[in-house]
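Colleague: A single structure is presented below for examination.
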Amino acid sequence: PTNHATNIEYHLETQGLEAFSDLVWARAFARGAAQAKQLVFIADGAVWIWRIVTKFFPDALQIVDFFHASGYLATIAHTALGERSAEAKTWLDQTKGALYDGQLATVMAACRALKDKAPKAVADARHYFAANRLRLRYAKFRAMGLQIGSGTMESGCKQLGLARLTIAGAIWSDPGARLLGKTRAAFLS
């Protein structure tokens, strides 16, 4: 397997979660999801995303974006050890390395060790990691040749709308912004 995105297709929907959910299902099947040997979804860990994936694609492999997961560790390091401290950098580098290598037990132990200095950040991280533990097996995913980051998707979002909609002097109506986004999605696909 390749570890970079190919044959990218963009779609935009601004009609809410139900319409987005239907779009995910429709586009996946239009792209041959029913015949795929393996479907993989990479996302930031938001519960609503995994509900859509589980509802329509219960056998799909689910991966939490590594950089989103790492953000929880950065919050702990900065809160407990100081944002610019050498100790925070060392802790963060080691703990991110353990996460990258799929050593979730090591990550959880490192977090627990700082719970007195950053109780909320540690509680949030522990909850996030526990809820997503099967989606954090980065060593396994990398060994399979899979991406562990959602950067391709996030770049697509930026290219579809944000870069164009936020140019200096631009004022958009809701319908105009939606049409521009859909046009850019078709063009960039």
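The values are calculated or read from the model by the stated rules, or taken from the named source; none is laboratory data. It should be emphasised that the depicted structure is a prediction, and the values quoted were computed from it without experimental measurement. Positions of Cβ are generated from backbone atoms using ideal geometry, with glycine treated the same way; all protein chains shown enter the neighbour counts. Only protein heavy atoms, including side chains, enter the accessible area calculation; ligands, DNA and RNA are left aside. Shrake-Rupley method; radii C 1.70, N 1.55, O 1.52, S 1.80 Å.
Colleague: Output the number of the condition that residue 4 fails; it satisfies all remaining conditions of (1) farther than 30 Å from residue 189 by Cα; (2) open to solvent by 70 Å² or more (accessible area, probe 1.4 Å); (3) at pLDDT below 95.
Modeller: (1)
Colleague: Further question on the same structure: Between 113, 77, which is of a type in the set (Gly, Ala, Ser) and surrounded by 16 or more Cβ atoms within 10 Å (Cβ to Cβ)?
Modeller: On inspection, the qualifying residue turns out to be 77.
Colleague: Give just the number: which of (1) loosely packed, with under 15 Cβ neighbours inside 10 Å; (2) not in a helix (DSSP H, G or I) does residue 148 not satisfy?
Modeller: (1)
Colleague: Of (1) open to solvent by 30 Å² or more (accessible area, probe 1.4 Å); (2) at pLDDT 95 or above, residue 102 satisfies all except one. Which?
Modeller: Going through (1) open to solvent by 30 Å² or more (accessible area, probe 1.4 Å); (2) at pLDDT 95 or above one by one, residue 102 breaks only (2).
Colleague: In contact with a strand residue (DSSP E or B) (Cβ under 8 Å, 6 or more places away or on another chain) and closer than 16 Å to residue 45 by Cα: which single residue out of 99, 134, 73 fits that description?
Modeller: Checking each option against the conditions leaves just 134.
Colleague: Taking segment 15-56 as the search range and keeping residues that are of a type in the set (Lys, Arg) and either open to solvent by less than 60 Å² (accessible area, probe 1.4 Å) or more than 18 Å from the chain's Cα centre (by Cα) (or both), which one is modelled with the highest pLDDT?
Modeller: 55
Colleague: Return yes when residue 180 is assigned to a helix (DSSP H, G or I), out of contact with any strand residue (DSSP E or B) (no Cβ under 9 Å at 6 or more places or on another chain) and either of a type in the set (A, V, I, L, M) or modelled with pLDDT of 95 or more (or both) and no when it is not.
Modeller: Judged against the criteria, residue 180 is a match.
Colleague: Next question. With the structure loaded, tell me whether residue 90 is open to solvent by 30 Å² or more (accessible area, probe 1.4 Å), under 16 Å from residue 114 (Cα atoms) and of a type outside the set (D, E, K, R) or whether it fails that test.
Modeller: yes
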